[in-house]
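Scroll down for the structure; my scribbles are underneath it.
Rule-based calculations on the coordinates, nothing more; no lab input. Keep in mind that this is a model prediction, so the values were computed, not measured. Here Cβ is always computed from backbone atoms with ideal geometry, including for glycine, and neighbour counts include all displayed protein chains.
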Amino acid sequence: MKIPKGIEGDYLETKENHLFFDIKGYHHPQDRKICFLRFYPDPNGERIKEGKKYKKIYSLNERYSKIREEYPQYLFFSDELDLELQGVEFKDIKKIYTPQDYYDGIKLRKNLSEVEIYSKKLCELFITDGSVPEDAIGISGSPMIGLSKVDSDIDIIIYGTRTSLEFQEKLKTLLLTSNNCRAYNLTEYKTHYNWRVGGSGINFENFLRSEKRKLHQGKFNGVDFFIRYIKSPNDWDGTFYDYKFKDLGRIKIKAKIVDSIDSIFTPCSYKIKCLKVIESNLIRNDIGLNDLNEINSFRGRFCEQARKGEEVLVEGKLEEVNYKNSKKYFRVLLTDQIQDKMIIIAP
């Protein structure tokens, strides 16, 4: 499958400062890639590439602070997204790393690290037992750019809308029948609890209600793995400039999931029926319940969060979306690990 370079799952390296950013989404401005700082040179870093030490940066707030303080040239305000973003102009990009190229490379190499060996074997398992086409799978994350550690996770990317949906169904059986590929157990969910929702006020019971059903994560030969699904280019819906977003403030709602088929993809999406506005701090007060019909997130933690027919409590940023100046609707965007929530309401 032919996938354009510079999309979700890819990384880029800057010409100056040797910074590594992970690229977000499918749509980008004509002069740069929207991406977020992930690794930066630091003499106290635990990762080494070509003799240089690096540190990994985790939370979104930390990434913005680091960029604002030391590399402000990679900040810009997008009128289209009504948001300050991180991004690297094409002229400043040294190299773009893609999961497909990396997987093709390690298939030919013999001197592989342990995480590379397991990543390669997991891809082979998904190809043979999950019927994923060999040209529709790749390996992302720190190993792809040569900055992995001994305890690095396996980050798999699967490309193609139909391929992803069909494999997700096969994954249900594969996780139950494979000798070395499985879902997390209760102890492991407890370990992940603080990492995924720490500080948000979400209790473990609510966390587990969604988390225990997710198929895109687990253990392979004792190593954590995470799968990201990327839609086919034909399903990317327009260009960066076809959309105009407006930040309207924060909102908390009760909603019913009408369609969750796109919940497995990055970015993930849920069609909803808004049942009630619980709290809001908006710059407008003329928005009806029927106008709010979607939940979106670029964060993997919100993938497979709820299913069709379930009711959820959702808290996030309310945006007005204008598509090609002809279609207008409202969505809740989930981005912040602490503030933003999507919790299934127990029946």
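Fully extending the segment from ASN194 to ARG109 would add 26.9 nm, taking 0.36 nm per residue of separation and subtracting the current Cα-Cα distance.
Look at the dipole of the chain built from charges on Cβ: of THR335, GLY87, TYR118, the Cα furthest out on the positive end belongs to TYR118. Relative to the Cα centre, the charge distribution of the chain, modelled as +1 at Lys and Arg Cβ and -1 at Asp and Glu Cβ, gives a dipole magnitude of about 460 debye. Quick one: in the stretch 258-315, what % of C-alpha pairs are over 20 Å apart? Distances greater than 20 Å cover 28 percent of the Cα pairs. For trypsin sites (Lys or Arg not before Pro), the sites in the stretch 110-161 that DSSP calls loop and that have at most 16 other Cβ atoms within 10 Å are LYS110, LYS149. The convex hull drawn around the Cα atoms of the stretch 11-97, when projected onto a plane and averaged over every direction, covers 5.8 nm².
What number, in percent, do you get for the relative contact order of the chain if the mean sequence gap of Cα pairs under 8 Å and at least 6 apart is divided by its residue count?
It comes to 14 percent, rounded to a whole number.
Report, in deg cm²/dmol and to the nearest 500, the calculated mean residue ellipticity at 222 nm for the chain, where each DSSP H run with n ≥ 4 adds -39500 (n - 2.57) and the sum is divided by the residue count. Estimated from H runs of four or more residues: -7000 deg cm²/dmol. A dipole drawn for the stretch 11-97 from +1 and -1 charges on Cβ atoms has a positive end, and of PHE77, ILE48, HIS18 the residue lying farthest that way is ILE48.
Got the relative contact order for the stretch 242-344 handy, in percent, Cα pairs under 8 Å and 6 or more residues apart?
Relative CO of the stretch 242-344 lands at 34 percent.
For THR177, neighbours were defined as the other residues whose beta-carbon sits under 13 Å from its Cβ, and their charges (Lys and Arg +1, Asp and Glu -1) total +2.
Diffusion coefficient (Stokes-Einstein, Kirkwood radius over C-alpha pairs, 37 °C, 0.692 mPa s) for the stretch 242-344: 244 µm²/s, rounded to a whole number. Between the alpha-carbon centres of the stretch 155-189 and the stretch 7-63 there is a gap of 28 Å. Distance between the pseudo-spin-label points of ASN179 and SER78 (7 Å out from Cα toward the beta carbon): 4.6 nm.
Amide hydrogen proximity for GLU310: with H placed 1.01 Å from N in the peptide plane, the residues at 5 or more positions away or on another chain lying under 5 Å are ILE257. The alpha carbon centroids of the stretch 280-326 and the stretch 74-123 are separated by 29 Å.
Below 11 angstrom from the Cβ of TYR241, what's the summed charge of the other residues (Lys, Arg +1; Asp, Glu -1)?
Summing Lys/Arg as +1 and Asp/Glu as -1 gives -1.
The mean sequence separation of alpha-carbon pairs under 8 Å and at least six residues apart, normalised by the residue count of the stretch 11-97, gives a relative contact order of 32 percent. Just so you know, the Cα atoms of the chain work out to an Rg and Dmax of 20.0, 62 Å. In this simple spin-label approximation, LEU125 and ASP247 carry label points 7 Å from Cα along the Cα→Cβ vector, and these lie 4.2 nm apart. Stretched out straight at 0.36 nm per residue, the stretch from LYS5 to HIS18 would grow longer than its current Cα-Cα span by 2.7 nm. The gain in end-to-end length when the ASP135 to ARG307 segment is fully stretched comes to 59.0 nm, 0.36 nm per residue minus the alpha carbon separation.
The distance between label points at ASP151 and LYS256 comes to 4.6 nm (points 7 Å beyond Cα on the Cα→Cβ vector).
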